[in-house]
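Taking it in order: structure first as structure tokens, then the write-up.
The values are calculated or read from the model by the stated rules, or taken from the named source; none is laboratory data. Everything numeric in this text was worked out from a predicted model, so none of it was measured. Only protein heavy atoms, including side chains, enter the accessible area calculation; ligands, DNA and RNA are left aside. Shrake-Rupley method; radii C 1.70, N 1.55, O 1.52, S 1.80 Å.
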Amino acid sequence: MTQAKNHIRKGIIPWPELIPGTLLRRYKRFLADVRLENGETVTAHCPNSGSMKACCQPGRPVYLSFHDNPKRKLKYNWELIHMPDSLVGVNTQVPNRLAAHAIASGDVAELNGYESVRREVKAGRNSRIDILLASPDRRPCYVEVKNCTLVTDGVATFPDAVTVRGQKHLMELQDLAAAGCRCAMFFLIQRMDARSFAPADPIDPEYGKKLRQASQNGVEIIVYDVAIDLKDIRLNDRVPYDLSFLE
């Protein structure tokens, strides 16, 4: 996919210096062994708690960042993997940063017009929502961001593993919408080869059920992909979604 037409995206996040290597294996969810170009094998932190279906194949080119922090046990972070049709962002911390930055930069037409963009805000008794948009003359808008990396035959799906936490977020947004707030689920596809989006019913049917319920109860659904290369990542364009049951 190419970058969005007729609009210059301002919300750009540059990558740290990237170190190329080859993925040997991903294990225990948060660990990945990578062979660097100099032949050294390192263990990198995998900042992704999902299953990473279809984007963690051994032998594929990957890119790491290095962090010389004495408090860190693992000095490397796994940032990207090169799949046949696209670079794919592995780091699940990136979508929240990118979505907030893109909204503040005016790149998300659906969410323009707010004076402030705050991250990680309390909502309800014991919950936090990723983004709160606020203006004196508008009702508050709560936005929950989800990282999507699973693409099959051009269809991006979420989640890639059962997510009770994700189901809880949908219920929280419905409660906020019922209380009079504006609410949105923002699915960020951290790759460039998706033509559409759908809930991953075969993986987590309960999440799909709750997503449809949330949509019917006032929670907006927003889906964007990214433009991504070895220099930076930026929001690209809206991706159509289909909430029909996916078999």
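Here are some notes:
- For segment 47-196, the solvent-accessible area with a 1.4 angstrom probe is 45 square angstrom per residue.
- Highest mobility in the GNM of the chain, judged by mean-square fluctuation with C-alpha springs under 10 Å and restricted to 136, 199, 61, is found for 136.
- Under the Debye formula (equal points on every Cα, no solvent term), log10 I(q)/I(0) of segment 61-127 at q = 0.19 Å⁻¹: -0.94
- Comparing 175, 232, 137 in a Gaussian network model of the chain, where Cα atoms under 10 Å apart are tied by springs, the biggest mean-square fluctuation is seen for 137.
- Within the listed set 135, 51, 215, the Gaussian network model of the chain (springs between alpha-carbon atoms below 10 Å) gives the highest mean-square fluctuation for 135.
- Accessible surface of the chain, 1.4 Å probe, proportion on carbon and sulfur as whole %: 48
- Placing 107, 153 in order of accessible area, with the largest value first and a 1.4 Å probe, yields 153, 107.
- For segment 203-247, taking the reciprocal of the average inverse distance between every pair of different Cα atoms yields a Kirkwood hydrodynamic radius of 12.7 Å.
- Counting only Cα atoms, the chain measures 57, 40, 39 Å along its principal axes, largest extent leading.
- Residue-wise HN-Hα coupling along segment 141-152, computed from phi with Karplus coefficients 6.51, -1.76, 1.60 (Hz; x: Gly, Pro): 10, 9, 10, 9, 9, 10, 8, 10, 10, 8, 10, 10
- Here is the P(r) of segment 78-222: all C-alpha pair distances, binned every 10 Å from 0, give 11, 40, 36, 11, 1 in whole percents.
- Phi-based couplings in Hz for segment 50-59 (Karplus 6.51, -1.76, 1.60; Gly and Pro marked x): x, 6, 6, 4, 6, 8, 9, 6, x, x
- Amide hydrogen neighbours beyond the local backbone of residue 241, cut-off 5 Å, H modeled: 197
- In this view, the solvent-accessible surface of residue 56, computed with a 1.4 Å probe and all protein chains in place, comes to about 40 Å².
- Candidate lysines - alpha carbon under 28 Å from residue 75, same-chain residues fewer than 8 apart omitted: 28, 53, 146, 231
- Largest to smallest accessible area among 27, 241, 207 [probe 1.4 Å]: 241, 27, 207
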